[in-house]
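Here's the structure, in structure tokens; my notes come after.
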Amino acid sequence: MKRFQIGAQSLLSPALPILFGMAIVVILTLATPGIADERAEDGPSKASAGGGALRGSVTLGPRLMARKMRFSLYPDLSGVAPPAAQPAAEIRNVVIYLSSPALDALRSTEPSRTFRMEQRNESFVPHVLPVMKGSTVEFPNGDPIYHNVFSLSRVASFDLGRYPRGASRSIRFDEPGVVKVFCHIHSDMSGVVLVLDNPFFTAPGPEGSFDFPDLPPGEYTVTAWHERARPVRRQVVIQAGRTSSVDFAIPLEDVPVSD
Amino acid sequence: MLFGTLVTLLAVAFAFALLSVGIRRQTRAHLADLLAQNQKTVLALQKRSLGELLTTSRLMTESPTLRAAMETYETESPAAGSRADLLATVQSELDRIRLLLGKDLAVITDSRGSILAVSFDLSTPVQLPRDFGSIAFVRRALDGSPFTEDSSFGVLRSGETTYQVGCVPIVLQDFPIGTLTLGNRMDRAYLADMRKTLQSDVVLLLGDRVLGSTLAALPEAAKSSQAGEALLGRSSSRDWVEIEGEQFVAATLSLGQAQQGDDARLVLLRPLGGEVTQASRSMLLTLCLCGLLALISSGILAWRVSRLVLDPLERFVAFVREVAHSPDHSRRFQGSEESAEVRTLNQAFALLMDSLQEHEQRILLQAREEMLRVERLKESEKLASLGRMLSGAAHEINNPLTGVVGNLDILLRSTSLDPAARERLAKMQKEAHRIVGLVKNLLKVAHRDTGQRSRLDLIQVLRETVELRRHDFTAAGFELRFEPALSHLPVHGNELELQQVFLNLINNAYDALKEAAREPHLVIRARSEEGTAVVTFEDGGPGMKDPRKVFDHFYTTKEIGKGTGLGLSITHAIVQSHGGRIVAENRREGGARFVLSFPLASALAETTTPSPAPSASSAAAPVSANILVVEDEYTILELQMAILSSVGATPAGVATGIEALQHLQRREYQLVILDLRLPGGFSGQELYRWIEKNRPALLRRIIFVTGDSASESARAFLEQSGRRFLMKPFTVEDYVHAVRETLDDLRHAA
């Protein structure tokens, strides 16, 4: 099994000005909860100033916004209404990430970090977990039942075996890519670990807005990713002291059948 | 009878035919309804089983491996080598599912409808359409359009093979990540299985085309749109469809659409005709059996009832026939326990028989009376001839007897007789008088002449009669006792008649004693009882068979030829003519008893005028008259002359009528004593006629003498003439008396 050591700390010293700028943005946009907040704190908040900012929004197409079907043969243990009733939550499964050769250079300096993807109410929480390569992801079992986390994905094919509540297994992802995570016991459980090359990724807020406050100037590719849609990419140029913006609609167009 | 049976049979057959038609119609409608219901149920079940297929399919999609492989395959880049492994995983999962569910075809697509894996059981690969994802049921499964079972079914065509499939989405975290299609080949075996399961013929339709059928009656030619139309029930005004002349109850199950958009349908067909025929046939059979049973039972009942009525009738008829052949018509049928009809009939019969018997009795009585009359006629004939003989004999006897008696009288009148001679003469006179009595008796029997009645002593008569027969009784060893309670018993009657009565009774007893008796005896008692004389005859014989009949004419118990059966009847007649009674009875100790009763004479004394005793004066006076005696018998003539001379008369005697005529013409006579029977062709009657004609004055001076008292003509003549007459044999006294009386009468008249 391959181990991908992606350290966030290694990214801190060159990106201080960017992180600083991001902190300002965080203060400005107080309403950003959840992962976005976390990411804002954990992410490039310590980036140095003097960089540019990227701001934008993501809208999901009707096909993604409303989950159209849910039939499970198993009773819903949580007893809560199915997520189909909360289409807005689907926006949380969108990941916006940047990629550029320049950023790739920062890769080695970034310290390795540990993430968590919990099994709760027969679901992986969070459903989508973006991590930088080299990070370790823990899969603690928060349910009173056994789970068996496995993946058939090429970048990280593993089987963590069955373990009860309270137990946790972890795995380190060294190669970027999409890792689909399943449970061998509960067929409807699925999660995605999105292993990325650099730490510049974020999740849009509930309204679909996202913000990269402090970016080194340069040319980037911005990708809006959703597991059910083909990644949508935009080219943006970040200039120091300026705020660029990019808007995504997922899917932008009807996805052609890829053969 | 035959016609009636035929009509009944026809009526029954017609009723049955009507019933059959009605039943057929009812059965058809009912059966169609029932079958339709049944098929609806079957269809519902079939649909449910299809639904269960979906559920099962859905369950199968729950395989984590399948999902993981599919989902991962989706996200892996095409360049990566792991995709083939993932696809192989999907394929193996699919094969597993197909085998597990025992399906013929299984297809998995990704979320866009592209085929990921196909599993099938045939060696030749299944050729699925290129645009599999655009087939309605796949699209619907992926679109997540409202999920219904109908929309999840469809038909797949692969070459000539048709599959009936169900399609379910594979959902992961509420997102469809693909579809699973499972199905069965709808080949001959499938249809046969359906037929077995649903117990109906099935026809598979795609659009209007017949893809397959278990119906043998659906030839290739019938696989037309018309048949399809009929099967689809487009003309579904009826409950059934008609294929090739046969009726079917049809029910359609929609199997969904094929890729071309045609509707696939499974039509269940239940032949109606066969069911109806079978049902109606069995019902008809039952009906026939019931009818037959009813006919038989009613027949038996009718037979029983007719027997119930006819049996007594037949018994009655048999009885009537029997009675008709038997002489006894008094028998009656015991019909009180029979039915009312027979009772009525019997009553009528009884009435008829009663009247018949009455008539019979009357006719019998008449016949008996007629017979009696004839017998009586015979008897009278017999008696008449006997009478004629007797009167002839009596006449012949009377003439000499008259001489004997008369001469004896004359002798006894003379005083010059010595006592010894006188005694002898007296005895002779007595015996002669007995002869006179016997002759009289004979004449009495012949004429039934009621002789003169006189006062007499019954005891005396009885004693004399007993003495007549005593000798015979003693000789036979019989005891004969006469026990009179008193010495005299005066009655008024005719001695000879009474003697005959007693003699008859004694003879009767004698004969009875002769037949059987331990102590043969006859006891005769006589007593006086309340103004009557009662005489009883009690014998020790066997008694009478029927005491009431003994006095009937010709009743006799004696052997034929021994008795005439007249004896007791004459006895009865004589007793009655004497104003008495006679009763016959059987003694308790054995033997017969006759009880006779006569009125005592003292009681009758006044009624009988005592015959005027000849006056002594006139008797003493001499008869001075010329008297002509006409008598052919010389002895009697001489006797008469002697008597007349003895009383002082002057008699002249002639023997013939001619001589008398000459005498009368020559001389005057105061008296003519004329014998009625005169020889020589000139009888006493003719002489009388002559006198009547020529000497009328002399008519009153005629006294007839006759020995022929039995002759009817003589008697009639005498009565008609009114003249005095003397019966031979007469006594001197009578003769003289008659002469004197006549002369006295003449003298008085003068």
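Amide H of B:Arg587: which non-local residues (sequence gap of 5 or more, or other chain) have their own amide H closer than 5 Å, using H built in the peptide plane?
B:Ala592, B:Arg593
Counting helices only, and only those DSSP H runs with n ≥ 4, report the 222 nm mean residue ellipticity of chain B as the sum of -39,500 (n - 2.57) divided by its residues, in deg cm²/dmol to the nearest 500. Show your work: numbers first, answer last.
Values: 19 runs with 396 residues, N = 750.
-18500 deg cm²/dmol, from helical runs alone.
So what is the relative contact order for the range A:122-213, in percent, with contacts set as C-alpha pairs under 8 Å and at least six apart? Before the final figure, lay out each step's value.
Details: 190 pairs, mean separation 31.3, N = 92.
This gives 34 percent for the range A:122-213.
Write down the Å³ per residue value for the convex hull defined by the alpha carbon atoms of the range B:337-442.
About 136 Å³ per residue, rounded to a whole number.
Mind pulling up the Rg/Rh value for chain B? Radius of gyration and Kirkwood radius, both on Cα.
Numbers: Rg = 74.7 Å, Rh = 41.4 Å.
Expressed as Rg/Rh, it is 1.81.
In whole Å, what three semi-axes, largest first, describe the equivalent ellipsoid of the range B:246-299 built from its Cα gyration tensor (square root of 5 times each eigenvalue)? It would help to have the intermediate numbers written out before the result.
Numbers: eigenvalues 464, 9, 4 Å².
That gives 48, 7, 4 Å for the three semi-axes.
Quick one: go through the range B:317-340 and flag any residue whose amide nitrogen is under 20 Å from the point 7 Å out along the Cα-to-Cβ line of B:Arg304.
Answer for this model: B:338-340.
What net charge is computed for the residues neighbouring B:Val90, neighbours being all others with C-beta under 13 Å from the C-beta of B:Val90, Lys and Arg scored +1, Asp and Glu -1? Don't jump to the answer; show the numbers that get you there.
On the way: positive: B:Arg67, B:Arg83, B:Arg96, B:Arg98; negative: B:Glu71, B:Glu74, B:Glu76, B:Asp85, B:Glu93, B:Asp95, B:Asp110.
That works out to -3.
Tell me the net charge near B:Ala350. Cut-off is 11 Å between Cβ atoms, B:Ala350 excluded, with +1 for each Lys or Arg and -1 for each Asp or Glu. Display every interim value, and only then the final one.
Details: positive: B:Arg331, B:Arg332, B:Arg343; negative: B:Asp354.
Local net charge: +2.
What is the mean projected area of the alpha carbon convex hull for the range B:3-112, to one decimal in square nanometres? Can you show the working numbers first?
Working: hull surface 45.4 nm².
With every direction weighted equally, the projected area is 11.3 nm².
If you add up the charges near A:Gly218, with Lys and Arg at +1 and Asp and Glu at -1, over every other residue whose beta carbon is less than 13 angstrom from its beta carbon, what do you get? Mind dumping the intermediate values first?
On the way: positive: A:Arg242; negative: A:Asp104, A:Asp214, A:Glu219.
Local charge sum for A:Gly218: -2.
Using the Karplus equation 6.51 cos²θ - 1.76 cosθ + 1.60 (θ = phi - 60°), what ³J(HN,Hα) coupling, rounded to whole Hz, does each residue of the range B:645-662 give in order, writing x for Gly and Pro?
Residue by residue, the range B:645-662 yields 5, 5, 9, x, 8, 10, x, 10, x, 10, 9, 10, x, 4, 4, 4, 4, 4 Hz.
Where a number appears in this text, it was derived from the coordinates with a stated rule and is not lab data. Treat the numbers as computed from the prediction; the structure is a model and nothing was measured. Neighbour counts run over all protein chains shown; Cβ positions are idealised from the backbone, glycine included.
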